[in-house]
Amino acid sequence: MLAELAKEVQNCTKCNLAERRHTVVFGEGNPQARMVLIGEGPGEEEDRQGRPFVGAAGQLLDRILAAAGFKREEVYIANVVKCRPPGNRVPTRAEAAACIPWLFEQLKLISPRIIVLLGSTALQNLVDPQARITAMRGQWLVSKSGIKIMPTYHPAALLRDPGKKAPVWEDMQKIRDEYMKIADE
Ligand code: SF4
């Protein structure tokens, strides 16, 4: 069960991010979601509240989801690492490698049909360490188990560069179309 896994992760000290965290940000949403969105890691506000995507980037993600016709509570939202990297730096490969088995267990329990990778940290740790988000975004990938995977920009990147809003909107429309297709199955 997802709740049992969440309880187990609360005590995790598998990497050095455990030392300075205030909370473990496990992830949240519909435990039977057909779509899971995966970001990089908790920021300051997420670390304080213990919830993913609740800071400025999270508020933008909520607006993007709503504009595409999704309710936040119908999807599931998580990150590559569950504890805040100091100063919001990118998690190291070792930190991501230590944490990602938790995410894989989570995904096994949720069993989504679509995974949206938000930004290069998610893309590089879940698909290919050499992959570049600028080259891969907007393209459907398919996992060995048949899950459809769409990389797109992280909302924090949109806050820094509003020019990325149009490509994200294009990607969200493809995601919405695919989601509607599986809803009918
Ligand atoms: S980031 Fe992940 S692996 Fe590292 S301590 Fe937190 S929960 Fe454990």
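Identify, from the list Ile175, Ile182, the residue that is at pLDDT below 95, open to solvent by less than 10 Å² (accessible area, probe 1.4 Å) and of a type in the set (A, V, I, L, M).
Ile182
Of the residues that sit in segment 31-43 and are out of contact with any helix residue (DSSP H, G or I) (no Cβ under 7 Å at 6 or more places or on another chain) and within 16 Å of the ligand (Cβ to nearest atom), which one is farthest from Leu117 (Cα to Cα)?
Result: Pro42.
Does segment 56-69 contain at least one residue that is more than 19 Å from Trp169 (Cα to Cα), away from the ligand (no atom under 11 Å from the Cβ) and surrounded by 15 or more Cβ atoms within 10 Å (Cβ to Cβ)? Before you say what the answer is, go through the steps one by one.
Initially, segment 56-69 is screened for residues more than 19 Å from Trp169 (Cα to Cα), giving none.
No, there is no match, as no residue in segment 56-69 is more than 19 Å from Trp169 (Cα to Cα), away from the ligand (no atom under 11 Å from the Cβ) and surrounded by 15 or more Cβ atoms within 10 Å (Cβ to Cβ).
Taking segment 70-97 on its own, how many of its residues are more than 24 Å from Val142 (Cα to Cα) and within 16 Å of the ligand (Cβ to nearest atom)?
13
Restricting attention to segment 113-131, does a residue exist that is closer than 19 Å to Ile64 by Cβ and open to solvent by 60 Å² or more (accessible area, probe 1.4 Å)?
Looking through segment 113-131, none of the residues is closer than 19 Å to Ile64 by Cβ and open to solvent by 60 Å² or more (accessible area, probe 1.4 Å).
Quick check on segment 90-112: of everything there that is out of contact with any Gly (no Cβ under 9 Å at 6 or more places or on another chain) and in a loop (DSSP other than H, G, I, E, B), which residue is most open to solvent (accessible area, probe 1.4 Å)?
For segment 90-112, the residue satisfying everything is Ser111.
Output the residue which, of all residues in segment 1-30 that are free of Cβ contacts under 8 Å to residues at least 40 places away in the same chain and loosely packed, with under 14 Cβ neighbours inside 10 Å, is nearest to the ligand (Cβ to nearest atom).
Taking the candidates together, the pick is Thr13.
Could you please let me know if Ala166 is surrounded by fewer than 16 Cβ atoms within 10 Å (Cβ to Cβ), without any contact (Cβ under 8 Å) to a residue 24 or more places away in the chain and among the hydrophobic types (A, V, I, L, M, F, W, C)?
Criteria met by Ala166.
In segment 70-84, which residues are touching a helix residue (DSSP H, G or I) at 6+ places or on another chain (Cβ under 6 Å), more than 12 Å from Glu28 (Cα to Cα) and of a type outside the set (D, E, K, R)?
Listed by number, the residues that qualify are Val80, Val81, Cys83.
Would you be able to say whether some residue in segment 41-57 is assigned to a helix (DSSP H, G or I), closer than 21 Å to Asn16 by Cα and touching a Phe, Trp or Tyr at 6+ places or on another chain (Cβ under 8 Å)?
So the first thing to find is which residues in segment 41-57 are assigned to a helix (DSSP H, G or I), and the list is 44-49, 56-57.
Now restrict to residues that are closer than 21 Å to Asn16 by Cα: 44-49.
Keeping just the survivors that are touching a Phe, Trp or Tyr at 6+ places or on another chain (Cβ under 8 Å) gives 46.
Within segment 41-57, one or more residues are assigned to a helix (DSSP H, G or I), closer than 21 Å to Asn16 by Cα and touching a Phe, Trp or Tyr at 6+ places or on another chain (Cβ under 8 Å).
The values are calculated or read from the model by the stated rules, or taken from the named source; none is laboratory data. None of these values were measured; they are calculated from a predicted model. Cβ coordinates were reconstructed from backbone atoms using ideal geometry, including for glycine residues, and neighbour counts include every protein chain displayed. Side chains included, ligands, DNA and RNA excluded: accessible areas come from the protein's heavy atoms. Shrake-Rupley method; radii C 1.70, N 1.55, O 1.52, S 1.80 Å.
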